[in-house]
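> What follows is a single structure, and I will ask about it in a moment.
The values are calculated or read from the model by the stated rules, or taken from the named source; none is laboratory data. Please read all numbers here as calculations on a predicted model, not as lab measurements. Glycine gets a Cβ as well: all are built from the backbone with ideal geometry, and neighbour counts include every protein chain shown.
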Amino acid sequence: MAKKVNINWGLLLVLQIFFGAITGGVMRILKGHIVSGILYIITGGFFAIGWIVDIISLIVNKDYKWLWAN
């Protein structure tokens, strides 16, 4: 089950825009998805497609929650 990570939305959005692969990967690892987090960092945010999806998700939902819905 995904964990709740409380981080300021604005800060998370700025970090995602400028450091997308690292921020997205770390958030995945913090939420308990270690393998996908490591792959996300190694592949540069799943070849930038995941990076763009994460930015849109943060703008629309103000969280990564849709990505980890059961």
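> Could you grab me the full set of residues in region 41-70 that are more than 17 Å from residue 13 (Cβ to Cβ), at pLDDT 85 or above and not in a loop (DSSP other than H, G, I, E, B)?
Within region 41-70, 41, 42, 44, 47, 49 meet the criteria.
> Restricting attention to region 15-27, report how many residues are crowded, with 22+ Cβ neighbours inside 10 Å and farther than 16 Å from residue 48 by Cβ.
1
> Can you list residue pairs whose Cβ atoms sit under 6 Å apart, with the first residue in region 10-38 being under 16 Å from residue 61 (Cβ atoms) and the second being acidic (Asp, Glu) and modelled with pLDDT under 85? Count only pairs 6 or more apart in sequence or on different chains.
That search, which allows pairs on different chains as well, returns 16/54; 24/54.
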